[in-house]
């Protein structure tokens, strides 16, 4: 019998067996491959019965989906590129405060050193004259105090910049450009809330410093009284305080990282902004910590690459030779120190605003994950007439719709701040 053709008389072929088929009953109903043999709509292999979703919209700097690390890093650069005036201008405002105070403090320090060297060259001993000693150490102490004040003001300015840039970032996520003046106007009176937030951080740091000073004073008293027991207790307490302050400080820093963005965007008071950040970072602490740590390392390496050669050049061209006078060496060091301080402050400000943009994107990401904030961003883009993918849109730099100049996605309609 031909093995390739079944018998025509109804008898069984040699390939057929008695009993039920080992492959189960024949399939009833329509073919799983469709009426014409075509496969059905492709199903999601991750458990959903819905077909694969269409590509997400991207009216601005980010796709309107939960953001990956690459979206955060590239989106931060995109904010700077598309809103250069607002971002770089804010960086200059932040750096200007630090530069002015640092330059003044450096000038005071080098003036004091130059005065000491002039007295030594004239044959006098500046440290045997009470008035000179008081003046010199007064100038040196004043320069150190100014540097500390400059650091505090730079920290406050950085928090304000983070709030201002959060407004810029959220508008950029919806495809809207923002100018420097517009960014600060849209932040408005929330600048005072941001300053209050910074002052709360300073108060917490001041309390911690007082705790350290108290323990150190206890150690000094124990050493003076030769009290070994008290010294041991104070030493253990100092160690515990150091470890606890580091761990608690890092944990609180991550938990409160988004407070400035919440204060500026959602018109929150300082305490409510901290509570908002606490809520948004819930369940995302390690992810936030890892991203901020990675960005900090990248920013630190790039900043070092820029500032280290400048310091080396200053050391090469400063006249530290036997023929050069002490005053000439001081003046040469002063010039390069001022240049280095100005450059370092500027690079630090640029690093601050880049990190602020990334933090604002984290704020956006967590609102997308927890509150479907992508719908608000899409609605803002529709209001502005920006429905195309930003990478291919021809109108992404156009303020397309009337009234979008004051539009901040995610901001409540009520004007006053939430106290």
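What to note about this one:
- Compared with the direct C-alpha span, the chain from residue 214 to residue 303 gains 28.4 nm at full extension, assuming 0.36 nm per residue.
- Inter-probe distance in nm under a simple model that places probes 7 Å from Cα toward Cβ, at residue 85 and residue 192: 2.8
- Descending by average beta-carbon neighbour count within 10 Å, the peptides 254-261, 335-342, 210-217 line up as 254-261, 335-342, 210-217, the highest first.
- Our note on the geometry: Cα centres of segment 233-296 and segment 65-98, 22 Å apart.
- Label positions at residue 285 and residue 179, each projected 7 Å from the Cα along the C-beta direction, are separated by 4.5 nm.
- If R0 equals 22 Å, the separation of the Cβ atoms of residue 200 and residue 69 corresponds to a calculated FRET efficiency of about 0.15.
- Ranked 253, 354, criterion: other C-beta atoms within 10 Å, fewest first: 253, 354
- Contour excess over end-to-end distance, with Cα ends at residue 251 and residue 221 and 0.36 nm allotted per residue: 7.5 nm
- Most tightly packed first, judged by the mean number of other beta-carbon atoms within 10 Å of their residues, the peptides 85-94, 228-237, 188-197 read 85-94, 188-197, 228-237.
Just so you know, all these numbers are worked out from the coordinates, no wet-lab data involved. Only a predicted model underlies this, so the values are computations on that prediction, with no experimental measurement involved. Cβ coordinates were reconstructed from backbone atoms using ideal geometry, including for glycine residues, and neighbour counts include every protein chain displayed.
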